[in-house]
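To keep things clear, I will list the structure first and then write my remarks on it.
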Amino acid sequence: MPDVIKRSEFMKKYLKNNRRLIHNFKFVSLRSIFYALCSMLSAHVFKLLALSSMLLAFLILCWILYPDKANSGPYLNSAHGNSIYGVNRPRTSGFGYAVGNCVHCHEQHASIAGQTITPYGYELFYDHWVEICDLFCYRCHNQGGVEMQVNNYPYSVNFGGEPLFYESIYKQFCDLNSTGSTCGSRHNLVPIRNLIDNNAFGWGYPADPDPCSACHNPHTVQRIGSKQYHAPYNPDKSPISLPSEHANNPTNLWGDDYQVGCPLGKKERLICYASSVVGVYQSPYYGNTTGTMYEPSGNSTPTDGSDLPDYVSFCLDCHSKSETGTKVIHWDTSGDKHGGKISGDVDCGALSGFENGDLRAPYNDALKEAGNNYVLSCTDCHEPHGAKNRTDLLRRFINGEAVPADTAPCMDSDVNDWIAICERCHTNIHVSFGNCTVCHGHNTSIGCPGGTTRTF
Amino acid sequence: MIKIVTKLVSLFAICSLLYVLPLEAKVTGACSNCHTMHSSQSSAPQEWTEKGWIPGTANPALLVATCIGCHSSTTAGTILYGNTPIVLNTLTPTAPLAGGNFYFITPDNATGHANGHNIAGIDVADVTLGFIPPGGTSLGSQLRCSGTYGCHGHNGRQSGDSAVEDETQAIKGAHHGDDTPPLEGSLTDVARNYRFLLGIKGTEDDDWEQDNTNTSHNEYKGSTSSATDTISYLCAECHGKFHTWVGGPSEVGTASPWLRHPTDIALKLTGEYSAYTIYDMTAPVARPEDNYTGDPTNVRPGTDILMCLSCHRAHASPFFKMVRWDYKSSNLSEALSGCNVCHTSKN
């Protein structure tokens, strides 16, 4: 009996009255204690079970709704690997392969069910490079594509608010209006290939590379667009990859990693480049000049480049190399004044008196007056792929305004064609020295006592 | 004490039955398990098939059955009759062996005609391909298990081998031969080859991967040269254009960018491939060693080798083109799951 009393004390001490299953402690036994403890435990277990069941149901629902996200990596998060709008070739979709499947681009044996095709490099269904206007990517990135008809508008349309034109990548590169005969221009794919081939600079590209892959990793490239096309603009997606990271950081997209303060690994936006050269970035107007919409999103904010990939670093990856005739651009503090070079008025003693183009909105603001140095993005003025009737890949829509087509003689020898560009951001355009290129251009300086001054 | 000893002896006996017998590869047991003197035990000649004993015809070598007859079952089991590997079940096999299972191409699984090799006696000739193996030239007849038109035994496709048309004659003696590893890939003694595949080396798993675990599995022979003793070369005997060394520069290429997916090349040591270090049964690799005895769970980028069986089953699988995983799945994660074993950054 003393033993029983001990157990009763235990019950009194550890069990709440409302949980007691045994009220007559005279009959308490080890078994009854066990039952009582089980009762307590089961009350909590039930709650835990209910909670975990709800969580499990939620996860299952997510898995049903977004099956591909359950284990998605760089490819499944890419535009090509998207299960809705990813790659989908008629021949291979005819065999039942899902949208986004590798087989839509790569045929591992160049043969499916006895239907053979010519095998091409990378196991692609077509040659990755024949010539500028005949290459693998155009089989789909072409408004009249043989396999798919994917529309990708020019940068100035997607991120500048320009009305629709040049609906495909193919057209931007290969339309007659992108050729020199019409004062047009296009990013020349031949020197791009030549610049990167054979593991040049240790970047890891093969011989005979796909020129598109210099800027775009087809397995990671993401769809991004502006309000007009793929709203909403999402700066955390990016279609570009740094050429210099092709081998050593191949899955990294350029422009998607950003954090305020631009810490290491999170400084892929233009705001970070601008601050690295002690300057600031101001987004150009988007669509019009009312001041309510800014590039690249078409939103009113941000305007500091925190939503824009660092296109300067991106472009300079190649445009800091002089090989294969690549135009070298100097954009740091000792380079062009549109870049990190302080863009103060030209004042060089005996040569003073040069006229200066004043700034237009949104650049004529307090930041400028406070002495901040604006650092432009290459894409503020240039198209990445092709420019319709404009040389030097110049956009047809800058700072919210249209730029007229270039006319013969093409731009470099026609002051009016230049003015049409410059006055998108400047007033008081001067012509007293003749053609603009006499003094202005990338890497152009004028001699001043004690040094030179960049004029562009 | 006696009881304890008795129990220990019993336990040992049970263990012997469970674990020792399966290690015995050479056929053992009563002759009548496989042979019949007159094929006339009943009123008419009888034959053992996947349907059991049925009226049939006398078989060569006094056998009670053809290849298919013995290596098939009406159950879902895949190692039966002592230690016979079953490659054709009439029920969905619970644990298909390494080569896969012809169940997936049979009329019992009507959607799977393109899921495997269409062996005569199991299926009609491939309705799309006829007698032409993809990447090769016409066999001139429907594919069989062995012989001139088959994979096992003397098919005449190794240099120095002469084809034997009869399926039984083509593997004559193999079931009674000594197949103790290491198997040297003999052209004269079929038993001295991996799975009686003439000229091919490799090491068989005790249960032919029935347990599907990376701690014990077949070790396939691969090579980064034009060796003819690899499992992929066996495939290339018919599908030559798909093999790096048989297809050559014009069909597969010699380096990246490859024209077709290479086989019998080393898994690259660099980039995304370097992350494949744990042997994955979804997309296994071959070994360059004749008789690999290292850790079966290891994969050595830069050393181990891509093979046809990295992606395909030899016999048939539940999936289109006998891929080891459902490459046609509508769920992209699943469809790419096998690719991602090597292409680790393409998930």
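The values are calculated or read from the model by the stated rules, or taken from the named source; none is laboratory data. None of the values given here were measured: they were computed from a predicted structure. All Cβ positions, even for glycine, are placed from backbone atoms using ideal geometry, and neighbour counts span all protein chains on display.
For the reader, a short list of remarks on this structure follows.
- Any chance B:Gly177 is more than 22 Å from B:Phe102 (Cα to Cα) and crowded, with 22+ Cβ neighbours inside 10 Å: no
- The number of residues in the range B:71-94 that are touching a residue at least 60 places away in the same chain (Cβ under 8 Å) and either among the hydrophobic types (A, V, I, L, M, F, W, C) or loosely packed, with under 15 Cβ neighbours inside 10 Å (or both) comes to 3.
- Residue in the range A:89-105 that is more than 25 Å from the chain's Cα centre (by Cα), of a type in the set (A, V, I, L, M) and modelled with pLDDT of 95 or more present: yes
- Candidates are the residues of the range B:303-313 that are in contact with a helix residue (DSSP H, G or I) (Cβ under 8 Å, 6 or more places away or on another chain) and part of a loop (DSSP other than H, G, I, E, B); the one that is nearest to the other protein chains (Cβ to nearest Cβ) is B:Leu306.
- Qualifying residue in the range B:281-290 (condition: of a type in the set (Gly, Ala, Ser) and under 21 Å from B:Glu209 (Cβ atoms)): yes
- Residue match in the range A:172-190 (condition: touching a His at 6+ places or on another chain (Cβ under 9 Å) and within 14 Å of chain B (Cβ to nearest Cβ)): no
- Some residue of the range A:103-118 being away from chain B (no Cβ under 14 Å) and surrounded by 20 or more Cβ atoms within 10 Å (Cβ to Cβ): no
- Pairs where the first residue, in the range A:117-135, is farther than 13 Å from B:His261 by Cβ and free of Cβ contacts under 8 Å to residues at least 12 places away in the same chain and the second is crowded, with 19+ Cβ neighbours inside 10 Å and among the hydroxyl-bearing types (Ser, Thr, Tyr), C-beta under 6 Å, 6+ apart: A:Asp127/A:Tyr120
- Residue in the range A:135-151 that is crowded, with 19+ Cβ neighbours inside 10 Å, touching a Lys or Arg at 6+ places or on another chain (Cβ under 7 Å) and away from chain B (no Cβ under 12 Å) present: yes
- Condition check for A:Val157: within 12 Å of chain B (Cβ to nearest Cβ), not basic (Lys, Arg) and not in a loop (DSSP other than H, G, I, E, B): no
- Verdict on B:Gly294 being within 12 Å of another protein chain (Cβ to nearest Cβ) and either β-branched (Val, Ile, Thr) or out of contact with any Cys (no Cβ under 9 Å at 6 or more places or on another chain) (or both): no
- Index of the failed condition, B:Lys328 passing every other in (1) within 8 Å of chain A (Cβ to nearest Cβ); (2) touching a Cys at 6+ places or on another chain (Cβ under 7 Å); (3) without any contact (Cβ under 8 Å) to a residue 60 or more places away in the chain; (4) among the charged types (D, E, K, R): (2)
- Some residue of the range A:226-239 being among the aliphatic types (A, V, I, L, M), within 18 Å of A:Asp307 (Cβ to Cβ), surrounded by 22 or more Cβ atoms within 10 Å (Cβ to Cβ) and more than 13 Å from chain B (Cβ to nearest Cβ): no
- Residues in the range B:247-272 that are within 13 Å of another protein chain (Cβ to nearest Cβ) and either aliphatic (A, V, I, L, M) or assigned to a helix (DSSP H, G or I) (or both): B:Gly247, B:Gly248, B:Pro249, B:Ser250, B:Glu251, B:Val252, B:Ala255, B:Leu259, B:Gly271, B:Glu272.
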